[in-house]
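Let me begin by presenting the structure, written as structure tokens, before commenting on it.
The values are calculated or read from the model by the stated rules, or taken from the named source; none is laboratory data. Not measured: the values here are computed from a predicted model. Note that we place each Cβ from the backbone using ideal geometry, even for glycine, and neighbour counts take in every protein chain shown. Accessible surface areas use protein heavy atoms only, side chains included; no ligands, DNA or RNA. Shrake-Rupley method; radii C 1.70, N 1.55, O 1.52, S 1.80 Å.
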Amino acid sequence: MALPLIFLVLLSAASVAVGEIRYSEIRSDDRSIIPFDEFGFTHRGQLELNVTQLSLSGPAPDPSTLSKVGFFLCTRDAWIHVLQQIEDSEINCALGSDAVQKVFTFDHLPNPTTSEFNFLYPETDANQYTLVFANCLPQLKVSMNVRSAMYNLEGGKSNRRDYLSIGKTVLPRVYFLLSLIYFVLAAVWINILYKKRLTVFRIHFFMLAVVLLKTLNLLCEAEDKSYIKRTGSAHGWDVLFYIFSFLKGITLFSLIVLIGTGWSFLKPYLQDKEKKVLMIVIPLQVVANIAQVVIDETGPYGQDWVTWKQVFLLVDVVCCCAVLFPIVWSIKNLREAARTDGKAAVNLMKLTLFRQYYIVVICYIYFTRVVVYALETITSYKYLWTSIVAGELATLAFYVFTGYKFKPEAHNPYFAIDDDEEEAAAEQLKLEDEFEL
Ligand SMILES: *[C@@H]1O[C@H](CO)[C@@H](O)[C@H](O)[C@H]1NC(C)=O
């Protein structure tokens with residue numbers, strides 16, 4: 001399995017442009033570079049900076065040297081160029097490079113005792129930029145509160161602000177559409193449960209709950225993103241979104257484990273080791289969700305962002321591996337049963353089903369973790385949403401597969417336990433064989 005590879009790739013996961021109004025507090029900081037936020041601008045972009053409680057400490061700097069302290073915007077490529085220039089000693093300060101766009105340098109402060117200023121910077125060159133603060137005076141310590149807002153002005157006369165990065169601005173619509181699709185899926189599933197109510201197992205209601213939670217999760221995400229798009233802040237919708245994400249995460253992983261163990265249709269109870277898997281996966285999902293909240297709320301340059309990102313990835317990888325075990329155990333049990341209890345045909349079909357399920361779970365995990373990450377890295381900042389859509393479509397395919405293969409059905413040989421059904425299964429296998437010939 002390629003799990004070590006997944007792990008490596010995930011650990012180096014890149015930051016994504018969020019684009020919200022951010023509030024940052026800088027206290028007696030002498031870092032020469034402080035990155036703030038990343039954003040994809042159209043050619044009608046704007047950056048709004050509001051700095052309050054500004055104070056500079058250290059040996060009183062000569063006002064003219066303050067041109068080496070200030071904010072600038074920089075693309076990733078330009079940043080590599082700047083680092084090269086600094087290494088070659090062509091420049092000694094990122095603000096001295098002509099590859100960066102200077103937004104505001106402190107020599108433009110009205111007077112040295114100014115404690116607050118506002119600044120509006122129009123960005124007409126469409127690209128993805130990072131807002132960075134540079135302080136190239138080694139002994140100077142800076143304290144300030146920064147409110148930074150980056151947005152694009154929408155076309156037309158309205159001049160409305162769009163706080164979502166250009167690559168994410170379609171996301172509210174995408175999430176809304178997806179939630180509609182899941183809503184339809186849920187309706188279809190309820191219809192199936194009603195029609196086949198005599199052969200419904202508890203696991204089928206569990207599946208319904210998972211689909212409903214996914215619907216609500218997407219709906220909240222759509223509303224959350226559209227609120228951010230309009231106002232630049234999340235305002236409560238994010239809380240609902242996190243709650244449903246959390247419930248969805250727990251139920252989805254539990255569902256994979258329960259189906260993997262064959263709970264409720266192969267056997268009504270869970271074995272101890274299977275319960276243990278659930279007892280590992282559920283608390284880990286709690287941790288993963290806390291990490292996700294911190295990651296989203298602090299942004300890529302927040303202080304513990306990298307740590308939490310790693311926690312999240314580690315926990316996610318452990319969960320993904322853990323859910324595979326019950327399926328492997330089931331496959332092993334079925335293989336043994338096929339040899340011993342004489343119901344070879346039924347067991348063979350169940351075995352095929354579980355093998356398929358195992359492969360599909362692996363594909364699902366691999367696609368939503370690795371392929372989506374790869375897409376995110378190679379696609380241009382303008383099309384960041386495509387990787388999200390790809391991941392969601394893979395998830396949708398996984399839900400549909402699971403529902404289709406494990407749907408309630410009279411005489412479904414997969415759920416069969418008695419002799420009549422063994423005959424039915426043998427019959428069906430024979431038919432399938434003839435069909436293939
Ligand atoms: C921030 O700065 C902008 C640009 O100068 C200004 O229009 C806006 O009112 C300021 N906002 C606050 C909260 O001070």
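In table form, for the structure just shown:
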{"item": "Among the listed pairs 68/157; 309/332; 248/275, those beyond 27 Å (Cα-Cα)", "result": "68/157; 309/332"}
{"item": "Gyration tensor (alpha-carbon) shape descriptor, region 52-122, a/c threshold 1.5", "result": "oblate"}
{"item": "Amide H partners (placed H, <5 Å) of residue 127, local residues excluded", "result": "41"}
{"item": "Gained length - residue 377 relative to residue 230, 0.36 nm times residue gap less alpha-carbon distance", "result": "50.2 nm"}
{"item": "Between helix 324-340 and the chain: long-axis angle, C-alpha atoms, 0 to 90°, nearest 10", "result": "10"}
{"item": "Region 295-417 - accessible surface per residue (Å², probe 1.4 Å)", "result": "47"}
{"item": "Isolated Cys in the chain, by beta carbon distance under 4.7 Å", "result": "74, 220, 319, 320, 321, 363"}
{"item": "Built amide H within the under 5 Å cut-off of residue 47, gap 5+", "result": "121, 123"}
{"item": "Overall form of the chain per C-alpha gyration tensor (a/c, 1.5; a/b vs b/c)", "result": "prolate"}
{"item": "222 nm mean residue ellipticity, helices alone, for the chain (DSSP H n ≥ 4; -39,500 (n - 2.57); rounded to 500)", "result": "-18500 deg cm²/dmol"}
{"item": "DSSP loop trypsin sites (Lys or Arg not before Pro) with at most 13 other Cβ within 10 Å excluded, longest remaining stretch of the chain", "result": "161-437"}
{"item": "Within the chain, longest stretch clear of exposed GluC sites (Glu not before Pro) (DSSP loop, no more than 16 other Cβ within 10 Å)", "result": "155-408"}
{"item": "Within the accessible area of the chain (1.4 Å probe), percent carbon and sulfur", "result": "62"}
{"item": "Cα centroid of region 59-95 to Cα centroid of region 321-399, whole Å", "result": "49"}
{"item": "Span from the region 251-268 Cα centroid across to the region 148-181 one, whole angstrom", "result": "39"}
{"item": "Charge context of residue 283, other residues only, Cβ under 15 angstrom, K/R +1, D/E -1", "result": "+1"}
{"item": "Cα-based shape type of region 2-162, given that a ≥ b ≥ c are square roots of the gyration tensor eigenvalues and the cut on a/c is 1.5", "result": "oblate"}
{"item": "Net lengthening on full extension, residue 67/residue 191 (0.36 nm per residue, minus Cα-Cα)", "result": "37.8 nm"}
{"item": "Test item: Cα-centred dipole of the chain, Lys/Arg +1 and Asp/Glu -1 on Cβ, debye", "result": "840"}
{"item": "For residue 29, distant residues with modelled amide H under 5 Å away", "result": "142, 143"}
{"item": "Relative contact order (%) - criterion: Cα under 8 Å, at least six apart; region: the chain", "result": "18"}
